[in-house]
């Protein structure tokens, strides 16, 4: 039993819904009690979809439990087929239906519908949303993919696998990557699951290779296609300038093309913006990164190599992808935070006192509470993560978007210096937010790390006063460093001298 | 000035009711936690359920993340199901961790869910056990908000019904005269208190109270008014304590509110002049506030999808006070006993439907082409995309709508979507 305040991922059947809702001509019959229909609003409200998800819920109640819930499932499936006339159907159970063990797959088979019916086994008490999406997509591909028509295969063609409904910027990422691939002379055979029909899934084997945009949703299916149809797949996710360049090289190789032209043509403003002098103030900004594995890994690389930040924390809630995140963290000299416990993430952020938090909507709230700037880089999503404007994360345009959205929450270069020099200015002080963020922005809450406080003694009043002269966005760091410095040296009372000794020590 | 709302002879049994079953596009009772945890300020709601339960509450609450919310889910995992872990011990561990983190909590609800009911987890026993451990600091109660037992607002009903047996019994044989049952916004509650005082009723209890320690006293003979139409089990629990129900319409709009206070006045033998003195100004203000909305809504046809059980009183309100024409009024459950006066006021020809087969109901809605559709969040945008004007029903639950001073706000909830349609040129 796990105590959970907020959850990063929904149950696995929500993952299945993300696949079903992304596709056309597919219907999902879900054995579920009354109330599970709440999931519809994720798509209609958060993503502002204009159509209901193609999901029929059997809606059983307590009084049905003694009777025939299996019959209820069969009626619902038969009615759904008659009404929606899908090309294929997926069937499964939500958490409660899993407990009553009605076997939706077997029941649906007994109906002998004239379409493929794909049973899903999504263990709700073990697995979560992204696993459910991945498993569902894999089962659909496995059930529907037809033998490869070798004569049809264009060596310069690929499928794009992974974009789902309710995905973080999937719509715009897809547009960006399609544009990139087409500019390279690569034909896109099928995009799936987003907007794919079951008939499209059948044609997947007819492409030369697969682009796996979101490993969380499509890596398992990609591997299966690799094994069964000798379709190689990409391993690089094109988020960031360097990753996009690597992706272009990898794709060119798979398509037997020369990458140089595409590399020359592709331009992002990020490298110049990052080199321009105003960005000097970004140097060594301490960032904390948390999200799904794909976005967290990409963010770590961009933060370090493309913006010159210092990554002080890296983690993910995707346990299935913990290994690469652990490896990346290790390379940064960190221990990865692998958890789906929101409170643990909050404690870590409070302890690290980063200058920028890159995370999910959960971290946005943590950062708001603790008074740190934040940019959202990953699902779980919020209505704000479906902006009206074009704002991909992938490709060269994605890198531009990332530069803007990460730098915007920070203090601007000269502003930071002025704040440092005139920190007692009556209107321009600690309590004032960055001027471009408007007035009344969240004021930082003193969230001081206590872990490294000297066991006895503490701060002398005049040292505490001096500490207040350090700008608030580095004050937490200064306090922590000074306390660590004092602890290591057995200093019981932190004086102004200790403060500046520590400052000198850590500036080396 | 006349106050016309007198209970009409009930024609309740004459209204044909369309009963359906099939897919229901409604929340389960867990959703009530979203407002109940704000109402009872030192209570914590611990759902014992699955990741779906946690995800539902999080999604239904929008992404309203309070400093630290006073609700959480104890997620049952496969170890618990396989009997690998002693589930009682696990629950004790989770509750202990929670109460350590939150020393400010005085009342803890263990809230049952679909999975906890299907595996027959005895939360009542668990609550009794934990109450002994943590008493007197924390009282542990339980109720079910499961979707197999409850829809949406029935969660509040179950919660309040669980509270009733723990309401204090006054000493010295004192009988508290009046109790109002049903969670109201604080602002409406305060207004009601002032009006009751104006009528001479100064000792009025409200269930639930704002803190665990101030739940209203109940004695045999205490009279009670319902502020919400979905409180079947709560009413039964109050009856069992010997409390006496005052049949009344619900306090929505000018007429509904006056009818509600009039029922109290009649029950306590309060003179017409005194009732009028206490309510007249509010009644007039409410009418005035509703007027511009009435102009926009009069003659417009409205279709209610089932959601909160407020649908019948709301349909009465929009037809009687705003001149709208209800086409179909869907409700998850029709609690005839408490709605007799409201149903009697619906215009002839109104279709009342109970339960839901959402696909068939959508067909009827498309066929009827109403001017305004009141529906849940899962249906609103798809219907807008089909060209319908919609009002999300959940706002009618999350917004203060009761009483005179909120009558204009309530009317605005219906007029705003229409207003918006006329403004947009894209």
### Query
Rg to Rh ratio, region A:12-128, alpha-carbon atoms and Kirkwood radius?
0.94
### Message
If the elastic network links every pair of Cα atoms under 10 Å, which of B:112, B:349, B:32 fluctuates the most in the Gaussian network model of chain B?
### Response
B:349
### Query
On average over all directions, what projected area in square nanometres does region A:458-507 have, based on the convex hull of its Cα atoms?
3.0
### Message
Averaged across B:140-150, how many Cβ atoms of other chains sit within 10 Å of each residue's Cβ atom?
### Response
4
### FRET efficiency, residue A:327 to residue A:469 (Cβ-Cβ, R0 56 Å, nearest 0.05)
0.85
### Most mobile listed residue (B:210, B:316, B:336) in chain B, GNM with C-alpha springs under 10 Å
B:336
### Message
Under the √(5λ) rule applied to the eigenvalues of the Cα gyration tensor, what semi-axes describe the equivalent ellipsoid of chain B? Give them in Å, descending.
### Response
35, 29, 18
### Query
Shape call for region A:95-144 from the C-alpha gyration tensor, a ≥ b ≥ c root eigenvalues: rounded (a/c under 1.5), prolate (a/b greater than b/c) or oblate?
oblate
### Percent of Cα-Cα distances greater than 23 Å, calculated over region B:57-195
48
### Task
Rank B:106, B:274, B:391 by mean-square fluctuation in a GNM of chain B with C-alpha springs under 10 angstrom and give only the top-ranked residue.
B:274
### Task
Which order do the peptides A:144-157, A:286-299 take when ranked by the mean count of other beta-carbon atoms within 10 Å per residue, highest first?
A:286-299, A:144-157
#### Entry: Sequence-separation-based contact order of region B:159-270, relative, with Cα cut under 8 Å and 6+ spacing, percent
29
### Task
Given the peptides B:420-426, A:270-276, arrange them by the average over their residues of other C-beta atoms within 10 Å, most packed first.
A:270-276, B:420-426
### Query
Taking 0.36 nm per intervening residue step and subtracting the Cα-Cα distance, what contour gain separates residue A:487 from residue A:2 on full extension?
171.0 nm
### Query
Rounded to a whole number, what is D in µm²/s for chain A from Stokes-Einstein with the Kirkwood radius over alpha-carbon pairs (20 °C, 1.002 mPa s)?
86
### Message
Quick check: Cα centre of region A:288-320 to Cα centre of region B:220-244, how many Å?
### Response
56
### Query
Roughly what angle does helix A:361-370 make with the longest principal axis of chain A, taking Cα atoms, 0 to 90 degrees, to the nearest 10?
20
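Hey, got the average number of other protein chain Cβ atoms within 10 angstrom for residues in A:51-57?
4
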### Message
Order A:37-43, A:10-16, B:286-292 from most to least packed using the mean count of other Cβ atoms within 10 Å.
### Response
A:10-16, A:37-43, B:286-292
### Query
For residue A:151 and residue B:132, FRET efficiency with R0 = 56 Å and r from the beta-carbon atoms, rounded to 0.05?
0.15
### Query
Which FRET efficiency, nearest 0.05, do residue A:175 and residue A:344 yield, Cβ-Cβ r, R0 45 Å?
0.80
## Note on the structure
Mean separation of Cα contacts under 8 Å (at least 6 apart) over the residue count of region A:12-128, i.e. the relative contact order in percent, is 32
### Query
Where does region B:171-273 land on Rg/Rh, using Cα atoms and the Kirkwood Rh?
0.93
### Task
Note the angle between two axes, namely the Cα long axis of helix A:215-229 and the longest principal axis of the Cα atoms of chain A, as a number of degrees from 0 to 90, rounded to the nearest 10.
50
#### Entry: Inter-probe distance in nm under a simple model that places probes 7 Å from Cα toward Cβ, at residue A:384 and residue A:101
4.7
### Task
Specify the inter-centroid distance of region A:206-232 and region B:266-322, based on alpha-carbon positions, in whole Å.
61
## Note on the structure
Rounded to the nearest 10, the angle in degrees between the Cα long axis of helix A:395-407 and the longest principal axis of the Cα atoms of chain A comes to 40
## Note on the structure
At 10 °C and 1.306 mPa s, the Stokes-Einstein diffusion coefficient in µm²/s for the protein assembly as shown, with hydrodynamic radius from the Kirkwood sum on alpha carbon pairs, is 52
### Task
Using just the alpha carbons, could you tell me how many Å³ per residue the convex hull of region A:270-410 encloses?
104
### Query
So what is the calculated 222 nm ellipticity per residue for chain A, using -39500 (n - 2.57) for each DSSP H run with n of 4 or more, over all residues, to the nearest 500 deg cm²/dmol?
-13000 deg cm²/dmol
### Task
Any chance you could check the Cα centroid distance between region A:11-56 and region B:359-403 for me, in angstrom?
19
### Task
Using a 10 Å cut-off on Cβ to Cβ distances, tally the other chain neighbours for every residue of A:162-169 and report the average as a whole number.
0
### Query
What shape does region A:145-265 take by its C-alpha gyration tensor, where a ≥ b ≥ c are the square roots of the eigenvalues and a/c under 1.5 counts as rounded, a/b above b/c as prolate, and the rest as oblate?
oblate
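Readers should treat all values here as calculations from the given coordinates under stated rules, not as data from a laboratory. From a predicted model like this one, the values you see are computed outputs, not experimental measurements. Heads up, the Cβs are rebuilt from the backbone with ideal geometry, glycines too, and the neighbour counts pull from every protein chain shown.
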